[in-house]
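Undergrad: Handing you a structure now.
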Amino acid sequence: MKYFYLGFLIAIVAVISIAGFRGTISRKPPIEIFPDMDRQPKIRPQTVDSFFADGLGSRRPPAETVARGAHWEEIPLNTGHLTGSTNFVELNPLPITAELLARGKQRFQISCLPCHGPLGDGNGITKKFGMAVVANLHDKRIVSMADGEIFNVITYGRNLMGPYGPNVVVEDRWAIIAYVRALQLAALGTANDVPASQRTRFAK
């Protein structure tokens, strides 16, 4: 047992001789058993660095990312509002192409068709199960809405409709809106909406 105490005493003396007492002042650097990432290799801004092929320490942000301080929420594409205003964007900010409409149709069929129906007239499958209060997207009130307001409804929901912002990405919301406008035009359009060069096809 005496050897245990002797060894323990020697260990204490060794620790004190190396580390000293707690609170004592020393010019020697502290002993760090767990440095906790206090010192990390880093590249200072605007400096040359040979790690990258172009020799630049500062890197360009990756594509499709938003830099801190860029005010993501103030971009009309992301909010449906005019910048610095509560007014809605009147027209879809994305170019209306066949590809966008095809994407909008696909997303509409996944997220909107069960309630609003394939034609957007509110006759979806949910109506058969007693959910009678579903908006008819051909209603004059909705047709006259700004595209940004429809974007806002998709994002945050309204009345019995829940928010789809977490489920449908920004670009797909605008694609759905483009497709909804196509459905409205198909249901409510007149011969005057058809280009003159194509009216003869419908006259037959």
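Since every read-out is calculated from the coordinates, none of them should be taken as a lab result. These numbers come from a predicted model, not from an experiment. Counting neighbours? That spans all protein chains shown, and the Cβs are built from the backbone with ideal geometry, glycine included.
Undergrad: Relative contact order for the range 94-189 using alpha-carbon pairs under 8 Å, separation at least 6, rounded to a whole percent?
TA: Relative contact order here is 35 percent.
Undergrad: Sticking with this one: With a cut-off of 8 Å between alpha carbons and a minimum separation of six or more residues, what is the relative contact order of the range 1-104 in percent?
TA: Value for the range 1-104: 9 percent.
Undergrad: While we're looking at this one, here's another question. In whole Hz, what ³J(HN,Hα) sequence does the range 110-120 give by Karplus (6.51, -1.76, 1.60; θ = phi - 60°), x for Gly and Pro?
TA: Per residue, the Karplus-derived 3J(HN,Hα) values read 7, 9, 10, 4, x, 9, 8, x, x, 9, x Hz.
Undergrad: Now a separate question. Work out Dmax and Rg for the chain from the C-alpha atoms and quote the Rg first, both in angstrom.
TA: Every Cα atom of the chain included, Rg and Dmax give 32.5, 114 Å.
Undergrad: Relative to the first principal axis of the alpha-carbon coordinates of the chain, what is the inclination of helix 2-19, with its axis defined by its Cα atoms, in degrees from 0 to 90 and to the nearest 10?
TA: Taking Cα atoms only, the helix is inclined about 70 degrees.
Undergrad: Another one. Rank Ala63, Ala102, Ala11 by mean-square fluctuation in a GNM of the chain with C-alpha springs under 10 angstrom and give only the top-ranked residue.
TA: Ala11
Undergrad: Can you work out ³J(HN,Hα) from phi for every residue in the range 74-85, in order, using Karplus 6.51 cos²θ - 1.76 cosθ + 1.60 and θ = phi - 60°, giving whole Hz and x for Gly and Pro?
TA: Along the range 74-85, the couplings run 9, 8, x, 4, 8, 10, x, 10, 5, 4, x, 9 Hz.
Undergrad: Could you calculate the contour length gain from Asp121 to Thr97, that is, 0.36 nm times the residue separation minus the distance between their Cα atoms, to one decimal place in nm?
TA: Contour length minus Cα-Cα distance gives 6.3 nm.
Undergrad: For the charge dipole of the chain, defined by +1 on Lys and Arg C-beta atoms and -1 on Asp and Glu C-beta atoms about the Cα centroid, which residue among Ile154, Phe108, Ile12 has the Cα displaced farthest towards the positive pole?
TA: Ile12
Undergrad: Hey, another quick one. Pairs of Cα atoms under 8 Å, at least six residues apart: use those to get the relative contact order of the chain, whole percent.
TA: Relative CO of the chain lands at 16 percent.
Undergrad: Another one. Taking amide hydrogens as modeled 1.01 Å from N in the peptide plane, which residues meet the under 5 Å criterion relative to Leu56, leaving out close sequence neighbours?
TA: For Leu56, the qualifying residues are Asp49.
Undergrad: Can you tally the lysine pairs in the chain where the Cα-Cα distance is under 25 Å and the two residues are eight or more apart, or on different chains?
TA: 5
Undergrad: Let's see if you can work this out: charge +1 on each Lys and Arg Cβ, -1 on each Asp and Glu Cβ, no other charges. What is the dipole magnitude of the range 94-189 about its Cα centre, in debye to the nearest 20?
TA: 240
Undergrad: Okay, moving on. Please give the helix 170-188 orientation as an angle from the longest Cα principal axis of the chain, in degrees from 0 to 90, rounded to the nearest 10.
TA: Once rounded, one gets 10 degrees.
Undergrad: Once you sort the root eigenvalues of the Cα gyration tensor of the range 112-167 as a ≥ b ≥ c, which label holds: rounded (a/c under 1.5), prolate (a/b larger than b/c) or oblate (the other case)?
TA: oblate
Undergrad: Between His81 and residues 5 or more places away or on another chain, which pairs have amide H atoms under 5 Å apart, with H built 1.01 Å from N, and which residues are they?
TA: Placed amide hydrogens put Val89 under 5 Å from His81.
Undergrad: Could you calculate, for the range 94-189, the ratio of the Cα radius of gyration to the Kirkwood radius, expressed as Rg to Rh?
TA: 0.93
Undergrad: Between Ala53, Ala191, Ala175, which gets the highest mean-square fluctuation from a Gaussian network model of the chain, Cα cutoff 10 Å?
TA: Judging by the Gaussian network model, the answer is Ala53.
Undergrad: Mind telling me which of Ile176, Ile25, Ile110 comes out most flexible in a GNM of the chain, alpha-carbon contacts under 10 Å?
TA: Looking only at Ile176, Ile25, Ile110, the largest GNM fluctuation is found for Ile25.
Undergrad: With charges set only on the Cβ (+1 for Lys and Arg, -1 for Asp and Glu), what does the dipole of the chain come to about its Cα centre, in debye to the nearest 20?
TA: The calculated dipole for the chain is roughly 400 debye.
Undergrad: For the chain, what is the mean residue ellipticity at 222 nm derived from helices alone (per DSSP H run of n ≥ 4: -39500 (n - 2.57); sum divided by total residues; nearest 500 deg cm²/dmol)?
TA: Per the formula, -11000 deg cm²/dmol.
Undergrad: OK, next. Checking the a/c ratio against 1.5 first, then a/b against b/c, what shape does the Cα gyration tensor give for the range 45-106?
TA: Taking the square roots of the gyration eigenvalues as a ≥ b ≥ c, the range 45-106 is oblate.
Undergrad: Which GluC sites (Glu not before Pro) from the range 36-107 combine a DSSP loop assignment with at most 12 other Cβ atoms within 10 Å?
TA: Answer in residue order: Glu64, Glu90.
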